[in-house]
Amino acid sequence: MSILEVNNICKSFGSTEVLRGISFSLEKGEVLAIIGSSGSGKTTLLRCLNFLETPDVGSITVNGETLINAADKSTLSESQIRRNRLHFGLVFQSFNLFPQYTVRQNVTLAPRLMLDEQVRAVKKESGRAQAQKFRAEREAEIYKHADELIERVGLTAKVDAYPCELSGGQQQRVAIARALAMTPDILCFDEPTSALDPELTGEVLAVIRGLKSSDSTMIVVTHEMEFARGVADRVIFMADGVIEEMGTPEEIFEHPKSPVLSAFLNKALDI
Amino acid sequence: MSFWEITFYLAQGFGVTLLLFVLTLLFALPLGLVFAFGAMTKFKPLRWLTRGFVYIIRGTPLLLQLMIVVYLPGLAFNYPLPKWGIFGGNTDAAYFFGALVGFVINYACYFSEIYRGGIENIPRGQYEAGQVLGMTRSQVFFKVILKQVFKNVLAPISNEVVTLVKDTALARSISVLEIFFCAEQVLSREMIIWPLFYTGAFYLIFNSLLTFLFGKMEKRMARYR
């Protein structure tokens, strides 16, 4: 069974149709690269997957559970959406780290807030002493997990630094660790290197490459064609709100079928 | 009256000044946030009501507002100020309360505009980053946004706070015996004019202290962006 099934997603802003029936599926452990020129709807698609936009039409299914179905209003409630979000992680183009928190605090904030809610539930059920014990155990786990993630992105020396003290590449690596801290089923990257100086893209791409394993599923919107070719298991080429072409990196990059894709590749690889 | 007698008398008046200052901040700072939310809400009638109110308060003199608070209930509704007794030398508690209401509303309106600017300045990406990590709306606001707003507004707020220290002298117009009124009384009773200028030292010393404290806070928050 596919881990993700996207079915006929449509999204308009006013009279502009940004997505016009996007459907694809993804297997667990796969890396999907989405390429295409600006304005083709790549970012909007990613935002729909993370519930930052609500599709007008279509459904999203993860592990057989339908998370959102534009036709079924009960899947659109705020608390429902909040729970569904946890299936997805998102790394933004502009990092969006929380400037007032250190690296470690950035990575642990969301898990700690989640823990607060769980502790409240435990306290209600089995009393204060139990809740305190529960909190102490889980909090230690959260910090341990965070330190592991920070090590994995190579920033152990910077755990207590503030985002403004880091380079763009380092900030983006923290953002990756922060997204991983919530252990999402599918991690999405929205042009993770587009806001970086060219000499800093390498370190971020290396981290993403290092995340690839049999149980990490990733969707990467990118302009880095070499990266897409080297890391992705499948590539989607989007143009004008539809999936123009989909296939293995070899099919997309070596044997493009549609003229739009050929033109796009010629341009992208020329630069 | 000797120098020390006058100093003591003025200090007593400055106590009333400080009480008005502290209580105004205590209520106006949170109330300003409420007004800011009102001015930003998606519910249009409430939004325009709040914005209209803030517009009127910011566009008219505080002195006039104080008079309205104190005299309007008696004139318009035949409900004169109650007798609550005397404190701090010779200040009528009811008039002090009236002054407090006027100051709180006035300053809350100014604060609300500062907060609104501070909140609207936070990039949308900060909300989205919180949301995709599974935080609730209130968690995003209180754990992610508010501290950044606080940093954004600290300088303009400190400006208003320093102004408030001096504005308290307006309470004199509705018979609150704060330091400036005390000095005027010395002038009219004893025919000594220098205490009037002496009050400036009290304001200046207190504002220096505030400026120092705000400087410390700004420095502490300078670590991040």
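The values are calculated or read from the model by the stated rules, or taken from the named source; none is laboratory data. Computed from a predicted model, the values in this text were never measured in an experiment. All Cβ positions, even for glycine, are placed from backbone atoms using ideal geometry, and neighbour counts span all protein chains on display. For accessibility, only protein heavy atoms count, side chains too; no ligands or nucleic acids. Shrake-Rupley method; radii C 1.70, N 1.55, O 1.52, S 1.80 Å.
Every Cα-Cα pair of region B:108-147 was included, and the share exceeding 15 Å stands at 43 percent. If only the Cβ of Lys and Arg carry +1 and only the Cβ of Asp and Glu carry -1, the dipole of region A:1-97 around its Cα centre is close to 200 debye. Given in Å, the Rg to one decimal and the Dmax to the nearest whole number for the Cα atoms of region A:125-235 are 16.9, 56. Cross-link reach is defined here as a Cα-Cα straight distance under 19 Å, omitting same-chain residues fewer than 8 places apart; for A:LYS11 the lysines meeting it are A:LYS42, A:LYS73. Less than 5 angstrom separates the built amide H of A:ALA239 from those of A:GLU244, all sequence-distant by 5 or more or on a different chain. Based on Cα contacts under 8 Å between residues 6+ apart, chain A shows a relative contact order of 27 percent.
Put simply, chains B and A cover up around 2300 Å² of each other's accessible surface, both sides summed, when a 1.4 Å probe is used.
For region B:3-222, a crude dipole built from +1 on the beta carbon of Lys and Arg and -1 on the beta carbon of Asp and Glu, taken about the Cα centre, is about 1040 debye to the nearest 20. Counting lysine pairs in region A:143-271 whose alpha carbons fall under 27 angstrom apart, excluding pairs fewer than 8 residues apart on the same chain, gives 4. Counting only protein heavy atoms and a 1.4 Å probe, region B:3-222 has 53 square angstrom of accessible area per residue. Over the C-alpha trace of chain B, radius of gyration and Dmax come out as 20.7, 70 angstrom. With viscosity 1.002 mPa s and temperature 20 °C, the Kirkwood radius over alpha carbon pairs of region B:1-114 converts through Stokes-Einstein to a diffusion coefficient of 135 µm²/s. Can you bin region A:1-104 into rounded, prolate or oblate? Criterion: square roots of the alpha carbon gyration tensor eigenvalues sorted a ≥ b ≥ c, rounded for a/c under 1.5, prolate for a/b above b/c, oblate for the rest. Rounded. For region A:1-52, the Stokes-Einstein estimate of translational diffusion at 25 °C and a viscosity of 0.890 mPa s comes to 204 µm²/s, using the Kirkwood hydrodynamic radius over alpha-carbon pairs. Shielding of peptide A:46-57 by partners, expressed as the average count of other chain Cβ atoms within 10 Å per residue Cβ, is 1. Rounded to the nearest 20 debye, the dipole magnitude of the protein assembly as shown is 1640 debye, with +1 charges on Lys and Arg beta carbons, -1 on Asp and Glu beta carbons, and the Cα centre as origin.
Need one word for chain A: rounded, prolate or oblate. Basis is the Cα gyration tensor (sqrt eigenvalues a ≥ b ≥ c); a/c below 1.5 gives rounded, then a/b vs b/c decides. Verdict is oblate for chain A. Mean partner shielding of peptide B:132-145, defined as the number of other chain Cβ atoms within 10 Å of each residue Cβ, is 6. What does the accessible area of B:PHE53 come to, in Å² to the nearest 10, when a probe of 1.4 Å is used? Its accessible surface works out to 80 Å², give or take rounding.
Over chain B, Cα pairs under 8 Å with separation of 6+ residues give a relative contact order of 28 percent. Of all complete DSSP H helices in chain B, those with a Cα span along the helix axis of 24 Å or greater and a mean Kyte-Doolittle hydropathy of 1.6 or more are B:3-40.
With N as its number of residues, region B:136-175 has a Cα radius of gyration that, divided by 2.2 N^0.38 Å, comes to 1.82. The residue list A:PRO192, A:ALA206, A:ALA129 was ranked by how far each Cα lies along the charge dipole of chain A toward its positive end, using unit charges on Cβ atoms, and A:ALA129 comes out on top. FRET efficiency for the pair B:PHE197 and A:LEU269, taken as 1/(1 + (r/R0)^6) with r the Cβ-Cβ distance and R0 = 60 Å, rounds to 0.15. By a 1.4 Å probe calculation restricted to protein chains, A:LYS123 has an accessible surface near 90 Å², given to the nearest 10.
Compactness ratio for the protein assembly as shown: Cα radius of gyration over 2.2 N^0.38 Å (N = residue count) comes to 1.31.
Taking the 1.4 Å solvent-accessible surface of the protein assembly as shown as the whole, the part contributed by carbon and sulfur is 58%.
Think of the protein assembly as shown as having a plus end and a minus end, set by charges on the Cβ of Lys, Arg, Asp and Glu; of B:LEU46, B:ALA99, B:SER2, B:SER2 sits farthest toward the positive end of this dipole. With Rh defined as the Kirkwood radius, the inverse of the mean 1/r over Cα pairs, the Rg/Rh of region B:20-67 is 1.04. Residues A:ARG120, A:ARG173, sorted by accessible area with the largest first, give A:ARG120, A:ARG173 [1.4 Å probe; ligands and nucleic acids excluded].
So, taking all protein chains as they sit and a 1.4 Å probe, how much accessible area belongs to A:MET246, in Å² rounded to tens? A:MET246 exposes around 80 Å² with every protein chain in place.
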